[in-house]
Amino acid sequence: MADDVRVFEKLPQRSFRNVVVVAGAGMSADSELPTFTDILAVWGVEEGSPVRAVMESGVTPLGLFCRHPELAWPLYLSRLKACSSARIHNGYLALLEISRRIPGDCAVLTSNVDGLFHRAGFMLVHECHGQIARLQCRLPCHQKTWVPNVAEISKDLSRGKFPACPHCGEIARPNISWGDSSFVHAEGDERARLFTSSVDAMNGSTLVIECGVSPGSGLRRFAEDLPRQREEVFLIRINLDAQEIAGERHLCVAASAENALVGLRDAVLFKR
């Protein structure tokens, strides 16, 4: 393991045809969005606020929307605004440049709900935990999500009215998975199918970039399995706590996502 991006000098001397990006909260951290290690920090809950008192009593984020909508929805709007205005850091742009200059395909799998990969310009993105910018029925009464009208939500909240499902009138919730059975997978299932189909169809040398993914997560297991299953896959792990990987055909980089991905771009595109 190396503690800076000079480790990319050890990349195999070959051109990569395809890229698979597997990204966790560490990718968003360089855009100044909190990681999910502290749910209160993620939602911007300040010390002494009513929301913090409720959540510290054991109420889950989903429970907050179901039982305390008057607290949940203003908080949602503030986090949606933060995600919508977050900086697209140079790591996203470096990945995008790599994806546009390789001859094959690029597919992204992320647990982040902030939509930054879409804003950066990536086409094939599977957000396995949903999207903060979409809502769904709380029940749900149907397997569809929708993009909210933020101005209308703000106006309704001032009158004590909360976002509701357009089909049944039940209170809505963000289309974010909190490990609950009411999370709507419909659009996510289609994106998952497209992601899986793209990865399965990749031929030739493939670079897997795991960035900011938590140890023990399903995303990490997915990234680690790819080089074990295919001989032409090379895995790069980027994480401030970059744990070593068993086996061959990998590099571990202990660095921030932004710095490491810029270094990777230079190594892949300009040092061949």
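Testing S154 on (1) without any contact (Cβ under 8 Å) to a residue 12 or more places away in the chain; (2) in the same structural domain as R79 (by TED's automatic domain parsing); (3) hydroxyl-bearing (S, T, Y), one condition comes back false. Which one is that?
With (1) without any contact (Cβ under 8 Å) to a residue 12 or more places away in the chain; (2) in the same structural domain as R79 (by TED's automatic domain parsing); (3) hydroxyl-bearing (S, T, Y) applied to S154, the lone miss is (1).
Give me the pairs: first residue in the stretch 184-211 and over 24 Å from H142 (Cβ atoms), second residue in a loop (DSSP other than H, G, I, E, B) and among the small types (G, A, S), beta-carbon distance under 8 Å, and six or more apart or on different chains, which are they?
If the second residue must be in a loop (DSSP other than H, G, I, E, B) and among the small types (G, A, S), the pairs left are M202/G104; N203/G104; G204/G104; S205/S15; T206/G104; C211/G24.
Step by step: first the residues of the stretch 200-225, then only those that are of a type in the set (A, V, I, L, M) and in contact with a helix residue (DSSP H, G or I) (Cβ under 8 Å, 6 or more places away or on another chain), then the one that is nearest to G130 (Cα to Cα). Which residue is that?
Restricting to residues being of a type in the set (A, V, I, L, M) and in contact with a helix residue (DSSP H, G or I) (Cβ under 8 Å, 6 or more places away or on another chain), the top hit is V213.
Is it fair to say N259 is surrounded by 20 or more Cβ atoms within 10 Å (Cβ to Cβ), assigned by TED's automatic domain parsing to the domain that holds L11, in contact (Cβ under 8 Å) with a residue 12 or more places away in the chain and of a type in the set (S, T, N, Q)?
Here the answer is no, as N259 does not meet what is asked.
Take R138 and tell me if it is touching a helix residue (DSSP H, G or I) at 6+ places or on another chain (Cβ under 8 Å), more than 28 Å from S197 (Cβ to Cβ) and of a type in the set (D, E, K, R).
In short, yes.
What is the one condition in (1) assigned by TED's automatic domain parsing to the domain that holds L219; (2) touching a strand residue (DSSP E or B) at 6+ places or on another chain (Cβ under 9 Å); (3) in contact (Cβ under 8 Å) with a residue 60 or more places away in the chain that R138 does not satisfy?
(1)
Name the residue that is nearest to the chain's Cα centre (by Cα), counting only residues in the stretch 212-249 that are in a loop (DSSP other than H, G, I, E, B) and among the small types (G, A, S).
Step by step, filter the stretch 212-249, then rank; the result is G212.
If you check C168, C252, which single one turns out to be more than 18 Å from the chain's Cα centre (by Cα) and in the same structural domain as E152 (by TED's automatic domain parsing)?
It is C168.
Under the condition of being more than 28 Å from the chain's Cα centre (by Cα) and not small (G, A, S), which residue from the stretch 151-165 is surrounded by the most Cβ atoms within 10 Å (Cβ to Cβ)?
L157
In the stretch 235-249, is there at least one residue being surrounded by fewer than 18 Cβ atoms within 10 Å (Cβ to Cβ) and within 27 Å of G115 (Cβ to Cβ)?
Yes, some residue in the stretch 235-249 is surrounded by fewer than 18 Cβ atoms within 10 Å (Cβ to Cβ) and within 27 Å of G115 (Cβ to Cβ).
Does the stretch 184-206 contain at least one residue that is in a helix (DSSP H, G or I) and touching a Phe, Trp or Tyr at 6+ places or on another chain (Cβ under 9 Å)?
no
I'm told S177 meets every condition in (1) surrounded by fewer than 18 Cβ atoms within 10 Å (Cβ to Cβ); (2) among the hydroxyl-bearing types (S, T, Y); (3) closer than 21 Å to L80 by Cβ except one. Can you identify the failing condition by its number?
The failed condition is (1).
Against the definition (outside any helix (DSSP H, G or I), outside the structural domain of V19 (by TED's automatic domain parsing), at pLDDT below 95 and not polar (S, T, N, Q)), how does G160 come out, yes or no?
yes
When you go through (1) without any contact (Cβ under 8 Å) to a residue 60 or more places away in the chain; (2) of a type in the set (D, E, K, R); (3) outside any loop (DSSP other than H, G, I, E, B) one by one for R87, which number turns out not to apply?
The failed condition is (3).
The values are calculated or read from the model by the stated rules, or taken from the named source; none is laboratory data. All values reported here derive from a predicted model rather than from experimental measurement. Because the Cβ atoms are built from the backbone with ideal geometry, glycine has one as well, and the counts that use them run over all protein chains shown.
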